[in-house]
1. Only one of (1) in contact with a helix residue (DSSP H, G or I) (Cβ under 7 Å, 6 or more places away or on another chain); (2) part of a loop (DSSP other than H, G, I, E, B); (3) open to solvent by less than 30 Å² (accessible area, probe 1.4 Å) fails for Trp307. Which number is that?
2. So which residues in the range 687-706 are over 29 Å from Gln22 (Cβ atoms) and out of contact with any Phe, Trp or Tyr (no Cβ under 8 Å at 6 or more places or on another chain), if there are any at all?
3. Can you pull out every residue in the range 150-160 that is aromatic (Phe, Trp, Tyr) and open to solvent by 50 Å² or more (accessible area, probe 1.4 Å)?
4. Of all residues in the range 106-133, which are open to solvent by less than 20 Å² (accessible area, probe 1.4 Å) and more than 23 Å from the chain's Cα centre (by Cα)?
5. When you go through Glu132, Glu116, Glu110 one by one, which is the residue that is out of contact with any Asp or Glu (no Cβ under 6 Å at 6 or more places or on another chain), free of Cβ contacts under 8 Å to residues at least 12 places away in the same chain and among the acidic types (Asp, Glu)?
6. From the list Asp806, Asp818, exactly one residue is closer than 19 Å to Ala701 by Cα and out of contact with any strand residue (DSSP E or B) (no Cβ under 7 Å at 6 or more places or on another chain). Which is it?
7. Kindly evaluate Tyr43 against the criterion of being surrounded by 15 or more Cβ atoms within 10 Å (Cβ to Cβ), closer than 30 Å to Phe144 by Cβ and aromatic (Phe, Trp, Tyr).
8. Just to be sure, is Lys82 basic (Lys, Arg), in contact with a Pro (Cβ under 6 Å, 6 or more places away or on another chain) and crowded, with 17+ Cβ neighbours inside 10 Å?
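The values are calculated or read from the model by the stated rules, or taken from the named source; none is laboratory data. This is a predicted model, so every value here is computed, not measured. Glycine also receives a Cβ, built like all others from the backbone with ideal geometry; neighbour counts cover every protein chain displayed. What goes into the accessible areas is simple: the full protein's heavy atoms, side chains included, and nothing from ligands, DNA or RNA. Shrake-Rupley method; radii C 1.70, N 1.55, O 1.52, S 1.80 Å.
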Amino acid sequence: MEATKKSGYSHTLNLPKTDFPQKANLPVREPEIQRWWKERRIYERMLARRKAQGAPSFILHDGPPYSNGDIHIGHALNKILKDIVVKFHALRGYFTPYVPGWDNHGLPIEHRVQEELIAEGRWAPGEPMTDELKRELRRRCRKFAEFWSWRQNEQFQRLGVFGDWEHPYFTMDYEFEAKLVEVFGELYERGYIYRGFKTVHWCYHCMTALAEAELEYHEKESPSIWVRFKLRDTGQGTRDMGELGGEVYALIWTTTPWTIPGNTGIMVHPEFEYVLVETGRGTRDAGREFYLVAKGLLPIVADELGWDNYQVVKEFVGEQLRGLVFSHPLYDRPSPIVTAEFVTLEQGSGLVHTAPGHGPEDYEVGVREGLPILSPVDERGRFTAEAGERLQGLFVHTEGNEAAMEWLTEAGALLKASTIRHNYPHCWRCRNPVIFRATTQWFMSIDHAGHRQKCLEAIERVKWVPEEGKSRITAMVQNRPDWCLSRQRAWGVAIPVFYCQGCGQPVVTKETIQSVAAWVRKEGSDAWFDRSAKELLPDGFKCPHCGGSEFTKETDVLDVWFDSGCTHRAVLESRPELRWPADMYLEGSDQHRGWFNSSLMVAVATKGDAPYRIVLTHGFVVDEQGRAMHKSLGNVVAPEEVIRQYGADVLRLWVCASDYSQDVRLGPEILKRLADAYFRFRNTLRFSLGNLFDFEPDRHAVPYERLTELERFMLHRLAELVDEVTKAYEEFDYPRVFQTLQRFCAVDLSAFYFDVLKDRLYCEAADDLRRRGAQTVLWEIAKALCVMLFPMLSHTAEEAWQHLSDWRDKPESVALSDWVSVPTAWRDEGLAEKWERLLQVREEVKRALEVAKVQRQVVNPLEAKVTLIAESALADFLREFTVPLSEVFIVSQVEVVEGARVTEGAILVPSEAFPNLQIAVTLAPGEKCARCWQRQESVGCDATYPDLCARCVSVVRSLHGASSVPG
């Protein structure tokens, strides 16, 4: 270009001109674009347009994030994925209302407010709250949740996510809370809800029951103890056990010594083989000792306990042991043998200590076998008086464990104690290990009326992306226990149950539900805490059991997962623009046991089917080494930091480029690579826009039949691109969208088409048909890229769209356009096959030109002459092209000759891809044109423009005449 400026011909060239800047400056430009969207109400107009067209709807129902802090990078991944889905379907012609929501109740917010009350000296942990203080806590919780909901609202919008941000849903909205009351009433009326004394996960720090979805599993060091239970009575079991001339013991292993006081039985598998072994531990004075263990574990047990000279005395099948009764090692009570199918041979002795008050499986067995359900542990995790004076008041996980082991040692029951590291359930909020304790709670039955099987059948009717999600949720539904709905908290929707003071029975009727729901619609869930039972109940209400008229209220609130599990009822059914069921739920993979699961439970029970047709799950965000992000590791990547440095579109590109089905990596190096990829897209758009500066589509577009073969080939490639990208979007395969578009921009455009076009675009006359044809295709490509990139790079696609020249009926925003429509004529497989073969030849020519450069035959390939020495069929093929081969190969001259011929002074390079082709490279004859830089023999033939080739003389003469340009 410097040479051109010196020659004085630069103003005769059609050099690119555009206001679309090379430097993106996204952190500044994106908020301007978002303000433009908002001022022109682009999202609302996008919906109104589709609604007016009678378009089918596509409803992505938003899973509500928790409103207790700034958004993190996982939130960004989730919301951007949702936005990609919604925008693609909008462009494809669907009506796509997206209503964002927030989860407002629950423990994390309550904890934050409790910390404030503690700091103010108004409350101490463990103390009961007065009604007034509880009301104050709820007011503060609502204010806290409201603040963070709207704060996150702004942060999500900064990501470029389209949605009804002015009218989101909140689970603390009065209407939403009233709907929860009504859904609870529906479930109660249908027989799903019951009150029971059952074993639940319990957080002693938060002092509340926890659902499975509220647990996290972390490594924990626990005691590992072997305990013996002495035979008490053979009962209906194997009677000759008591006639062996020694003591018979059942051997158990456990990692929770604190549960031994709750033991009321010993489980064996009914089909496993068990043996009675004499260990040689006894002496003639002390008597012989016999131990009952699983045959498959005997070698391991013997090694663990140092039984060097054991002898098998008897063998049994587990079922034969039923009826044997052993003595509890600490208390004077029986511990009978019972059977259970879930007993395994993975570890321990094959006999499992059973404490029905401290484990859900133990509880089920205890109920079935009529074992006492003991739970001598209070809500703070301390032993109660039921455990005995020696243990009372001790915290179970520390001094309680130690005291239990000391007592077992004194009783002669502890054979060995050590420690073990294993995965153990922890509270998701406070991160403390939980305990199991049996308490009276409200539950939803999972097996009532065949509910579990109905849920499993509903799962089969849903499309799961990725497919493994189906097996995950299937396993969780197959194995999940009844849903504990009770939470011993203040911030939430109260369980709408009254208790008759006359007969003590719980009272829930259609009338009570309707009355409570009406109060909640008027005053919110605070009504339950602010008003008396008499006020909440219908006038003159009587107990349906005994006719009593005095009632108390339930003090527990509903599990927060019940809130989110009812969003499909409270939101999809109440918003006129939405409908039930949703087309899609999209959340993290942990929601197979969370939101997907709770929503399924409520939907199948109340509506008869799943609330979603498609479920897409994504992994968690980890650092570049695959480690979880933690402040302590210093590897946390905050969305606002990425946006501040790179812009939201680079973050969106990361989401689209990542395999979301796995954990997604992010860090500085990944962001740098993505920034480079972003600029490849941006530069592609800029090249197109820069070369369309004088192109008015309605005036200058060239009809398809008048385009050159090259342009028609590129439209065929564009049609293929649209097909590939559309299919990838439809299959939610966003990495393939990214890779396909990137490859098209880098290979088809940058490395080929754009390179080939430069001479024609810059050097031909502005209105030359071939130049206008090239601009027509560039315009089609730019339009298509803007549309296809919009779900991924929303701000950049909109910015480029605004720089495209206007045409008749051009939508004001790319968001208001339709998906790329491909005319049938663009698809030409024969032409494509022909040009793909030519491109193979082009690669061979490029290789030959590199050899010529290395050997200094030519300095710039543009100055070269290429002679293609080919056999007749290939030569005929190459001569068929109407587009000059010199343009395709970007050289000055091309000659096609047949037969073996050596061009004097040429570098001769045999083709690797075509056996009968040789490529000769020489410096092209003639002189270098000062305007187009090609070497042509016509340079010097014109007296006025002696430094120009014939083509450039013609263009310049038409522009200015002989006197206006120096020669």
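1. If we test Trp307 against (1) in contact with a helix residue (DSSP H, G or I) (Cβ under 7 Å, 6 or more places away or on another chain); (2) part of a loop (DSSP other than H, G, I, E, B); (3) open to solvent by less than 30 Å² (accessible area, probe 1.4 Å), just (1) comes out false.
2. First, pick out the residues of the range 687-706 that are over 29 Å from Gln22 (Cβ atoms): 703-706.
Passing the criteria: Pro703, Glu705, Arg706.
3. Of the residues in the range 150-160, the ones aromatic (Phe, Trp, Tyr) are 150, 156.
Result: Trp150, single match.
4. The first filter runs over the range 106-133 and keeps only residues open to solvent by less than 20 Å² (accessible area, probe 1.4 Å), leaving 106-110, 113-114, 117, 133.
Matches in the range 106-133: Leu107, Ile109, Glu110, Val113, Gln114, Leu117, Leu133.
5. Values: Glu116 fails: free of Cβ contacts under 8 Å to residues at least 12 places away in the same chain; Glu110 fails: free of Cβ contacts under 8 Å to residues at least 12 places away in the same chain.
None of the other options fit; the residue is Glu132.
6. Working: Asp818 fails: closer than 19 Å to Ala701 by Cα.
Unique residue meeting the criteria: Asp806.
7. On the way: surrounded by 15 or more Cβ atoms within 10 Å (Cβ to Cβ): yes; closer than 30 Å to Phe144 by Cβ: yes; aromatic (Phe, Trp, Tyr): yes.
In short, yes.
8. no
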